[in-house]
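Working notes, structure below.
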Amino acid sequence: MKTIIVVLLAYCVFCQPISGQKPVNNFEVPNSSKTSFISDSMLLKQEKYINDLHHQFMNVSNEILNGKEYEFYFFPSISSPLMPSKQMPTASIVIHGNKYENIMLQYDTYKDLAVYFDPENLINSSICPIAINKYIIDEFNIMLSTGDLKFKYFEFPNDPKAKKRNGFYEVIYNGDSKCIVHHKSDLIVEEGRDIYKYRPDKYVVNEGILYKFKGKRSLLKAFNDKSMELKKYIKTSKIKVRKARKKQIGSILEYYDSLLMP
């Protein structure tokens with residue numbers, strides 16, 4: 001991609017005519033003030049033309065490339081914070097309402113980044129991955145053999161304790177209450193080597209407050225106002241919260257939301 005831009009800009013500077021530009025043969029005597037003015041004017045026009053072209057090329061035609069080059073700071077043969085780590089899954093992403101499908105995307109669970117691999121964006125015959133600007137992403141989906149993972153960016157302005165936890169979460173249930181999963185990796189140094197240990201955390205969000213849960217007790221703590229009703233629902237539905245599937249957790253929160261309906 002960088003090579004294409006450089007060639008394109010070089011073409012614009014040396015080959016692209018500018019509207020109203022005078023041929024070199026019509027310049028007046030060198031070293032005259034008028035000649036200097038004309039030359040400066042031409043350069044300004046050319047610079048503006050190139051800047052406008054670059055802006056259009058990068059931000060309109062290649063919206064998905066809005067970000068920076070992603071550098072591999074780890075050794076895949078030892079451990080990888082990328083999710084999934086051993087395959088390049090089919091994925092989709094929504095940026096400013098525009099959906100891009102059938103792309104190659106991975107999620108960096110340590111740096112909280114969506115990493116895009118464009119087969120046409122090559123440097124030295126190798127794909128140059130892009131860490132997409134997280135603040136322009138509406139959502140992204142990674143399709144795995146075990147099921148699809150849908151990610152959205154969440155902020156918690158109503159929860160002072162959770163401000164540092166703003167970032168991408170997998171969405172399990174997204175109603176008035178929410179169930180989300182933070183897929184993350186912790187850095188551990190073993191025998192002088194960096195090892196990234198994957199450790200997902202499950203949360204529910206109620207009235208803007210983030211609650212981490214593992215089992216039934218910690219889950220019910222987030223819903224004190226309806227804990228008795230939920231406890232009965234969980235027992236009747238025979239749900240083991242600690243080992244529950246995503247749909248089962250979602251059904252608990254859906255039931256809770258229904259209890260609040262007028």
Here is a check on your reading of the model: is Phe156 open to solvent by less than 60 Å² (accessible area, probe 1.4 Å), modelled with pLDDT of 80 or more and in contact with a helix residue (DSSP H, G or I) (Cβ under 7 Å, 6 or more places away or on another chain)? yes
Give the residue that is nearest to Thr109 (Cα to Cα), with candidates limited to residues of region 165-191 that are under 17 Å from the mean Cα position of the chain (by Cα) and basic (Lys, Arg). Lys184
The residue from Asp112, Asp138 that alone is at pLDDT 90 or above, open to solvent by 10 Å² or more (accessible area, probe 1.4 Å) and under 16 Å from Val181 (Cβ atoms) is Asp112
Sole exception among (1) under 18 Å from Glu155 (Cβ atoms); (2) in a helix (DSSP H, G or I) for Glu229, by number: (1)
Return the residues of region 167-185 that are without any contact (Cβ under 8 Å) to a residue 60 or more places away in the chain, under 30 Å from Tyr73 (Cβ atoms) and open to solvent by 10 Å² or more (accessible area, probe 1.4 Å); say none if nothing qualifies. Val171, Val181, His182
Those residues of region 210-262 which are of a type in the set (Asp, Glu) and either without any contact (Cβ under 8 Å) to a residue 60 or more places away in the chain or open to solvent by 70 Å² or more (accessible area, probe 1.4 Å) (or both), in sequence order: Asp225, Glu229, Glu254
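The values are calculated or read from the model by the stated rules, or taken from the named source; none is laboratory data. Note that this is a predicted model, so its numbers are computed, not measured. Here Cβ is always computed from backbone atoms with ideal geometry, including for glycine, and neighbour counts include all displayed protein chains. These accessible areas exclude ligands, DNA and RNA; they are computed on the full protein's heavy atoms, side chains included. Shrake-Rupley method; radii C 1.70, N 1.55, O 1.52, S 1.80 Å.
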